[in-house]
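One structure is given here, and the rest of the page talks about it.
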2 protein chains.
Amino acid sequence: MLAQELTSPNKQLAMKFALQAGGVPTYTLTYKGKEVIRPSRLGLELKNDKKSLLNDFTVADTKTASFDETWKPVWGEVAQIRNQYNELAVTLSQAETGRQIIVRFRLFDDGLGFRYEFPGQKNFAYFVIKEERTQFAMTGDHTAFWIPGDYDTQEYDYTTSKLSEIRPLMAKSITGNLSQTSFSPTGVQTSLQLKSADGLYINLHEAALINYPAMHLNLNDTTMVFESWLTPDAIGDKGYMQTPSTTPWRTVMVSDDARAILASKMIYNLNEPNKIKDVSWIKPVKYVGVWWEMITGKSAWSYTDEVPAVQIGTTDFTKVKPHGRHAANTANVKKYIDFAALHGFDAVLVEGWNIGWEDWFGNSKDFVFDFVTPYPDFNVAEIRDYAKSKGVEMIMHHETSSSVRNYERHMDTAYKFMKANGYNAVKSGYVGDILPRGENHYSQWIVNHYQYALEKAADYKVMVNAHEAVRPTGIARTYPNLIGNESARGTEYQAFGGSKPNHVTLVPFMRLQGGPMDYTPGIFEMDISKLNPENKSHVNSTLANQLALYVTMYSPLQMAADLPENYNRFLDAFQFIKDVAVDWDESHYLEAEPGQYITAARRAKGRSDWFVGSVGGDTSRTSKVSFSFLEPGKRYVATIYADAPNAHYKTNPQAYTIRKVVVTNKSKLSQYVAPGGGYAIGIMEAKDKDATKGLKTLK
Amino acid sequence: MLAQELTSPNKQLAMKFALQAGGVPTYTLTYKGKEVIRPSRLGLELKNDKKSLLNDFTVADTKTASFDETWKPVWGEVAQIRNQYNELAVTLSQAETGRQIIVRFRLFDDGLGFRYEFPGQKNFAYFVIKEERTQFAMTGDHTAFWIPGDYDTQEYDYTTSKLSEIRPLMAKSITGNLSQTSFSPTGVQTSLQLKSADGLYINLHEAALINYPAMHLNLNDTTMVFESWLTPDAIGDKGYMQTPSTTPWRTVMVSDDARAILASKMIYNLNEPNKIKDVSWIKPVKYVGVWWEMITGKSAWSYTDEVPAVQIGTTDFTKVKPHGRHAANTANVKKYIDFAALHGFDAVLVEGWNIGWEDWFGNSKDFVFDFVTPYPDFNVAEIRDYAKSKGVEMIMHHETSSSVRNYERHMDTAYKFMKANGYNAVKSGYVGDILPRGENHYSQWIVNHYQYALEKAADYKVMVNAHEAVRPTGIARTYPNLIGNESARGTEYQAFGGSKPNHVTLVPFMRLQGGPMDYTPGIFEMDISKLNPENKSHVNSTLANQLALYVTMYSPLQMAADLPENYNRFLDAFQFIKDVAVDWDESHYLEAEPGQYITAARRAKGRSDWFVGSVGGDTSRTSKVSFSFLEPGKRYVATIYADAPNAHYKTNPQAYTIRKVVVTNKSKLSQYVAPGGGYAIGIMEAKDKDATKGLKTLK
């Protein structure tokens, strides 16, 4: 048995590559001497090929290298990111086919990344993947935080269970969605967060998903071996490949400290450097929008009840009777622009502005939107001029209804229309089943589309926030105009029946690894029936928890999602949302345990001000944090927005307290967190004595 | 039983609509009192609907109307076309669903057209077609001229058989193609030509195929009832419909004279009038091209053997070794431009000019061409300027490799590139299996694409000649920039093993009903091994037959397909190709019998000159025609290019005679036609006595 070994720069991780009997490539991983990945097979099963890439390999060559550089992201949690790893590239030869592939491993201090590389070869120019057969063999029946594997949705509630319990819990975990395709009773999605009995936090995901189907993990719950399960195309194939090419990186993050998983930048480091030369137009955005009122059912995206089937170019909306619930009207948009201007928000999103919402969903409709024709009550020019006069940007909305060809056909015109009307960012959406029919949201063909839309947007200097698109895999490093994605269960579900109270303690482990989420926090009115009597949904979160999300859910794109009238009722708490930064120089995870709590502290970009957020889970707890991250010798005024002692996500979510104290880097805080609760702290450097007058100092 | 009757303007055709027991809509058709269509069901089977559109109908309303107008095509066989019909519109109600549909019949003197119309209804806004169930019940075991039904190719040799022989002959009729999908042992394509025992010529096809799958016909060979069989999408569905909308027209042409079938303009009449306002840029084209040398294998589309997998944007063709067989090089193209200029051709087509031909086929390659990047030896600007200096137009070539999304992504750029470089017409191609995978060449999704490409071309004032696209259905009336299609077995198959000698006596019946074909006639060297010693194919046609095709195969786009060097060997015969017109004021079919012969006479647009073409079938015959179509009192010089007495398509194809005679409208010709032979006549008005000096007059 040939074996090659590699250790991480700090020597805590070690991996071994070995050819097993029959020329089967395998790898293992250890952390501080503990086994993390037991011997796991590598390879790909091919379609229509005389021989797959699974066995009968010999090692033709091995190369090792070390890499260490620091790069500056255009936006992010930190001002600079160190990319340090040791690398092992194993060239495998298959005598029978004369083919060579390379398995490239990069071992970081926070985990392992590896991928398959297919060098250009005359006898191996094209191939079709039947299935990728990469294994991740677990060492035991770990605790998993998981959502069901699905070709079309990522918007499930997280389930916490033993690996052996995935199968019995699967059916219950598959809740309804507007487009969904399950495939296996033990299939789960990445990033998958695991915790071993001996306290290791393991996270499985992928990086740099480009022109390849998204990977799921299918568990053999007898052996506890996960195997890759790619998303198929319309005819069941899983990847059409041309050489030279590579797969995405398969990633295994590991630590005995959950905070290290959250702080890891490995996924970004495995992506290519920024390809956009001029990044002056890429800017973090805090925004409000005409959105939550439709999500809750208080108002509507559509304009009329009179048109059962819109024909764009033919249907004349000036001739039909409006139903009176259309939110994207000029007067209402101006109200949001006024609110944004008054409170210092950068931008306003408006959904439902363009014709087609009467029949946009569920009809497999090809020409569903044209992305340039407004409803009669939405005056594009007037809104453009009004927003400009108020110093507020407008955010465009492109719901595609998953009619992907239609979107591509109109994309150039749509982006040009945006630029002509002062829109520099777009929220795109892919609700419902994909057109062309038979394709899935995460198949290679559609993954390719999201990338196409992103790169074309960059050509137009447009920032993209793509909803229902494939989960991010760090591509924002390469295309930093990807300022947001949804790709998980966002706040909207709080108006669709509610999410679990500990949901926000899991999203950063399960979704933010690959890039920021447009989670749309900031809901102050938890009783949705107050907005729409017919909607009995309840937001399972305290108001203080909602504030904390602006820190715990890192994103360069943050919405204050609730209605202006609800913020006006709690302007003292709203002050935190106004104050909180959206771009950062430093970030520290102070506490973290998946499913239970996350506490983060971040220093605003180019400033000495800090913001802290802490979210809890199902039960109350006391958070204990040190302010040692503050600059020694400086004094700061901390405004603490916290759950009141009687707060509870279900029964008393709006009970909060606000207090000001002085803090230094010696201070320590012990803070009560209610069930489904949290707290947020704004920490401003005290520039003079007056700033701290009358305030107690936190010891 | 409710029945509505309708007769054609000349009363020779009569149809009857009737509701049978159970509310089943049916129709019948007679011609001169003879039954043509026995009682045949109408209706559509729906998917996921509680009730289909097949039965339980009542007649809610019937309306009749008469229409008579004459319109002028932008190009065509005739200067003006009369569109005269009587119409019956039957509104059918389905009580259980509350739905209404309309069946609209138009009865012309040359046939019947009918379609389903779906008015906009609140309770019937969207539906999915499982199958259209339109029947065409034959009155007996007719002779059929047919090709196998297929979702991906139309390029089969025609089989002549009884209807009852379709099943036993099917397997043999399905010859190999680069993309093909058969579906039924009795499934055939339209247009389908039939002949009854009592001498009726019946032709089944469709008109105005827009945003709907192409129709095949599936035969119940016990009852001799054809039923519509639509082309499915990737998941097997056959049409996603939104109301208001209509199906294409289903057409039944009928006559006791085969010539009337060829002369019929019913398919065009069932299409919408021209939608292109400025048609000044749409012009018939006679052209040569860098094409036959690749088709025969004498030269190549590709540039090098060194690149097994092209990556557009990465592969640098200036760095690779050319294989030396690349035909689309500047010097060779100039040779063709010189030839075109010398002989008065309008244009030169060049295939293989753009990078990507090394791996373009069979790899299911998405980004296969970019349509703007030439090989290093093709100098776009130099060729543009040279052609312009010679007064010759260039014809662009866009092979898509059926990667439809890729073509749409690059279409705007490609059309702009064309206009910037003086290309006003494009030959597009859809060779190989469709991408997105699972779709078919004739499914609704892809039919929609061809239309998109055509309409977008019109925006750029580009004429389109789409190969391997769906068979035309008269859409060129509405979009006259569609100057050609392939959509049948063209001349290229003469270099791929040969077509049947009577093939060209069938194409006008089986393919030209819906629009012109870029058949690419004019092959003078029938022994392909003279061009490429490795290609043993033989062109099953005499040289005189090749000349006749310029008249019998009406098209505003006519190629002289052979190599300049082959034309230079037979310049006396080549003179006919130089002379023949490509646009016409008058056309007369003098003789016609499917599978045996077609003789046509046409008067050149705006001129008094006439051209006659006659093609024969497998055996020799004597063609007898009258020149009564000529203007009385005028004398003409006729140059007759005919088979020599010893000519034979197989053994002596290049044996021809040329003679000049004087003809008047009293003249009659008795002309020998060899097996696989034909003759062509150029008839120029004699302006003075000198013109006819020494010539005999044909009595």
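The values are calculated or read from the model by the stated rules, or taken from the named source; none is laboratory data. All values reported here derive from a predicted model rather than from experimental measurement. Neighbour counts are summed over all protein chains in view; Cβ atoms, including those assigned to glycine, are modelled from backbone coordinates with ideal geometry. When the accessible area is computed, the model is the full protein with side chains, heavy atoms only, and any ligands, DNA or RNA have been set aside. Shrake-Rupley method; radii C 1.70, N 1.55, O 1.52, S 1.80 Å.
Residues in the range A:330-340 that are out of contact with any Pro (no Cβ under 8 Å at 6 or more places or on another chain) and open to solvent by less than 40 Å² (accessible area, probe 1.4 Å) were compared, and the one that is farthest from the other protein chains (Cβ to nearest Cβ) is A:Ala340. For the range A:238-253, the criterion of being of a type in the set (D, E, K, R) and part of a loop (DSSP other than H, G, I, E, B) is met by at least one residue. Restricting B:Ser245, B:Ser302 to those that are surrounded by fewer than 24 Cβ atoms within 10 Å (Cβ to Cβ) and more than 30 Å from B:Arg99 (Cβ to Cβ) reduces the list to B:Ser302.
Looking only at residues that are out of contact with any Phe, Trp or Tyr (no Cβ under 9 Å at 6 or more places or on another chain) and within 14 Å of another protein chain (Cβ to nearest Cβ) in the range A:285-318, which one is farthest from A:Glu565 (Cα to Cα)? Checked the range A:285-318; the qualifying residue farthest from A:Glu565 (Cα to Cα) is A:Thr314.
Within the range B:232-254, the set of residues being more than 14 Å from chain A (Cβ to nearest Cβ) and among the polar types (S, T, N, Q) comprises B:Thr247, B:Thr251.
Count of the range A:397-417 residues, restricted to those that are in contact (Cβ under 8 Å) with a residue 40 or more places away in the chain and in a strand (DSSP E or B), is 2. Cβ-Cβ below 9 Å, separation at least six or inter-chain, first residue in the range A:648-664 and within 17 Å of A:Val625 (Cα to Cα) and at pLDDT 95 or above, second hydroxyl-bearing (Ser, Thr, Tyr) and open to solvent by 40 Å² or more (accessible area, probe 1.4 Å): which pairs? Short answer, once both residue conditions are applied: A:Val661/A:Thr697; A:Val662/A:Thr697; A:Val663/A:Thr697; A:Thr664/A:Thr697. Considering the range A:209-224, and only residues there that are under 19 Å from A:Pro168 (Cβ atoms) and aliphatic (A, V, I, L, M), the residue that is nearest to the other protein chains (Cβ to nearest Cβ) turns out to be A:Leu217. Is it fair to say A:Thr400 is more than 13 Å from chain B (Cβ to nearest Cβ), among the polar types (S, T, N, Q) and closer than 18 Å to B:Tyr240 by Cβ? Answer is yes for this residue. Of the conditions (1) within 12 Å of chain A (Cβ to nearest Cβ); (2) among the aliphatic types (A, V, I, L, M); (3) closer than 28 Å to B:Asp157 by Cα, B:Ile475 satisfies every one except a single condition; which number is it? The one condition B:Ile475 does not meet is (1). Does A:Lys275 satisfy being within 14 Å of chain B (Cβ to nearest Cβ) and either within 30 Å of A:Leu107 (Cβ to Cβ) or modelled with pLDDT of 95 or more (or both)? Yes, satisfied.
Residues that are more than 21 Å from A:Ala488 (Cβ to Cβ), away from chain B (no Cβ under 14 Å) and either touching a residue at least 60 places away in the same chain (Cβ under 8 Å) or part of a strand (DSSP E or B) (or both) within the range A:418-442 comprise A:Tyr423, A:Asn424, listed in sequence order. Here A:Gly484 qualifies as closer than 20 Å to A:Ile210 by Cβ and not in a helix (DSSP H, G or I). Taking the range B:69-97 as the range and being under 20 Å from B:Phe114 (Cβ atoms) and open to solvent by less than 30 Å² (accessible area, probe 1.4 Å) as the test, the residues that pass are B:Asn83, B:Tyr85, B:Asn86, B:Glu87, B:Leu88, B:Ala89, B:Val90, B:Thr91, B:Leu92, B:Ser93, B:Gln94.
Filtering the range B:119-150 to residues that are within 14 Å of another protein chain (Cβ to nearest Cβ) and either assigned to a loop (DSSP other than H, G, I, E, B) or within 20 Å of B:Val252 (Cβ to Cβ) (or both) leaves B:Pro119, B:Gly120, B:Lys122, B:Asn123, B:Ala125.
The set of residues from the range B:371-388 being surrounded by fewer than 19 Cβ atoms within 10 Å (Cβ to Cβ), under 24 Å from B:Asn406 (Cβ atoms) and hydrophobic (A, V, I, L, M, F, W, C) comprises just one member, B:Val372. For the range B:491-501, taking the residues that are surrounded by fewer than 24 Cβ atoms within 10 Å (Cβ to Cβ) and not hydroxyl-bearing (Ser, Thr, Tyr), the one that is nearest to B:Gly677 (Cα to Cα) is identified as B:Pro501.
Among the residues of the range B:337-348, write down those that are over 26 Å from the mean Cα position of the chain (by Cα) and touching a residue at least 60 places away in the same chain (Cβ under 8 Å). Within the range B:337-348, B:Phe339, B:His343 qualify. Residues in the range B:522-548 that are in contact with a strand residue (DSSP E or B) (Cβ under 7 Å, 6 or more places away or on another chain), outside any helix (DSSP H, G or I) and open to solvent by less than 10 Å² (accessible area, probe 1.4 Å): B:Gly522, B:Met526, B:Thr542. Among the residues of the range B:20-68, the ones that are acidic (Asp, Glu) and surrounded by 13 or more Cβ atoms within 10 Å (Cβ to Cβ) come to 4 in all.
Looking across the range B:404-417 at every residue that is facing chain A (nearest Cβ under 10 Å) and out of contact with any strand residue (DSSP E or B) (no Cβ under 8 Å at 6 or more places or on another chain), the one that is surrounded by the fewest Cβ atoms within 10 Å (Cβ to Cβ) is identified as B:Thr413.
Yes/no matrix, rows are residues, columns are (1) open to solvent by 20 Å² or more (accessible area, probe 1.4 Å); (2) assigned to a loop (DSSP other than H, G, I, E, B); (3) not aliphatic (A, V, I, L, M):
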{"residue": "A:Asn271", "(1), (2), (3)": "no, yes, yes"}
{"residue": "A:Lys298", "(1), (2), (3)": "yes, yes, yes"}
{"residue": "A:Pro308", "(1), (2), (3)": "yes, yes, yes"}
{"residue": "A:Ile312", "(1), (2), (3)": "yes, yes, no"}
{"residue": "A:Gly356", "(1), (2), (3)": "no, yes, yes"}
{"residue": "A:Asn363", "(1), (2), (3)": "yes, yes, yes"}
{"residue": "A:Phe369", "(1), (2), (3)": "no, yes, yes"}
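Listed here are the residues, each with its yes/no results for (1) within 14 Å of another protein chain (Cβ to nearest Cβ); (2) under 30 Å from B:Leu200 (Cα atoms); (3) charged (D, E, K, R).
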{"residue": "B:Arg41", "(1), (2), (3)": "no, yes, yes"}
{"residue": "B:Leu53", "(1), (2), (3)": "no, no, no"}
{"residue": "B:Thr91", "(1), (2), (3)": "no, no, no"}
{"residue": "B:Ile102", "(1), (2), (3)": "no, yes, no"}
{"residue": "B:Arg106", "(1), (2), (3)": "no, yes, yes"}
{"residue": "B:Gly113", "(1), (2), (3)": "no, yes, no"}
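For A:Leu549, the test of being in contact (Cβ under 8 Å) with a residue 40 or more places away in the chain and closer than 30 Å to A:Asp338 by Cβ is passed. Hey, among B:Asp49, B:Asp61, which residue is in contact (Cβ under 8 Å) with a residue 12 or more places away in the chain and either assigned to a strand (DSSP E or B) or in contact with a helix residue (DSSP H, G or I) (Cβ under 6 Å, 6 or more places away or on another chain) (or both)? Selected residue: B:Asp61, the only one of B:Asp49, B:Asp61 that is in contact (Cβ under 8 Å) with a residue 12 or more places away in the chain and either assigned to a strand (DSSP E or B) or in contact with a helix residue (DSSP H, G or I) (Cβ under 6 Å, 6 or more places away or on another chain) (or both). Restricting the search to the range B:620-638, which residues are more than 17 Å from B:Ser670 (Cβ to Cβ) and of a type in the set (Val, Ile, Thr)? The one that is more than 17 Å from B:Ser670 (Cβ to Cβ) and of a type in the set (Val, Ile, Thr): B:Val637.
Report yes if B:His449 is in a loop (DSSP other than H, G, I, E, B) and within 21 Å of B:His216 (Cβ to Cβ), otherwise no. No; evaluated as a whole, the condition is false for this residue.
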